1. Check ARG93 against each of (1) at pLDDT below 90; (2) in contact with an Asp or Glu (Cβ under 9 Å, 6 or more places away or on another chain) and name the one condition it does not meet.
2. Just the residues that are without any contact (Cβ under 8 Å) to a residue 60 or more places away in the chain, aliphatic (A, V, I, L, M) and either closer than 17 Å to ASP110 by Cα or part of a helix (DSSP H, G or I) (or both), please, taken from the stretch 37-59.
3. Kindly provide the set of residues from the stretch 101-137 that are surrounded by 12 or more Cβ atoms within 10 Å (Cβ to Cβ) and modelled with pLDDT of 85 or more, ordered by number.
4. When you go through GLY6, GLY69, GLY29 one by one, which is the residue that is at pLDDT 90 or above and small (Gly, Ala, Ser)?
5. Residue under question is ASP63, and the condition is that it be of a type in the set (D, E, K, R), out of contact with any Phe, Trp or Tyr (no Cβ under 8 Å at 6 or more places or on another chain) and at pLDDT below 95; does it hold?
Amino acid sequence: MGAPWGRRAEVDPLIFKAVRDGRPYPDHGLSTRDWAMIPPRQIRLDTLTTTKRELALDALLADDSTFYGDLFPHAVQWHGELYLEDGLHRALRAALQQRNVIHVRVLDLDALMPVETPSPSTAAIPAQPPVPHPRRD
């Protein structure tokens, strides 16, 4: 049975936390060699937001899909969110194999580029009385 009229059915999260088109974070400029220096760690698929809306089916089904690239997907942490930058086909293949955790290399831009807190405005500074002119006697 479906949800009653006027009420939305509760749906468990799908494979990923969200799917978006594009990267919301600044360009980090990491090369393939730079990524290789980051040790992979286990990440739940449902905590990742993808940066690509489409996937080439031949990349998903290819036996040698990681032959020319890194064995581990790449993700970027930005403002507390994890964005899957590279390796969408590896992550989706893991989900199709009933796995909900994968090993990912994570670049933590939050640690490299901390969010700056805005400096106080002049409105927060209490008003000062004018300085009197010096007297000449």
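The values are calculated or read from the model by the stated rules, or taken from the named source; none is laboratory data. Treat the numbers as computed from the prediction; the structure is a model and nothing was measured. Here Cβ is always computed from backbone atoms with ideal geometry, including for glycine, and neighbour counts include all displayed protein chains.
1. (2)
2. Initially, the stretch 37-59 is screened for residues without any contact (Cβ under 8 Å) to a residue 60 or more places away in the chain, giving 37, 44-59.
So of that shortlist, the ones also aliphatic (A, V, I, L, M) come out as 37, 45, 48, 55-57, 59.
Matches in the stretch 37-59: LEU45, LEU48, LEU57, ALA59.
3. Answer for the stretch 101-137, where residues must be surrounded by 12 or more Cβ atoms within 10 Å (Cβ to Cβ) and modelled with pLDDT of 85 or more: VAL101, ILE102, HIS103, VAL104, ARG105, VAL106, LEU107, ASP108, LEU109, ASP110.
4. The conditions single out GLY29.
5. Criteria met by ASP63.
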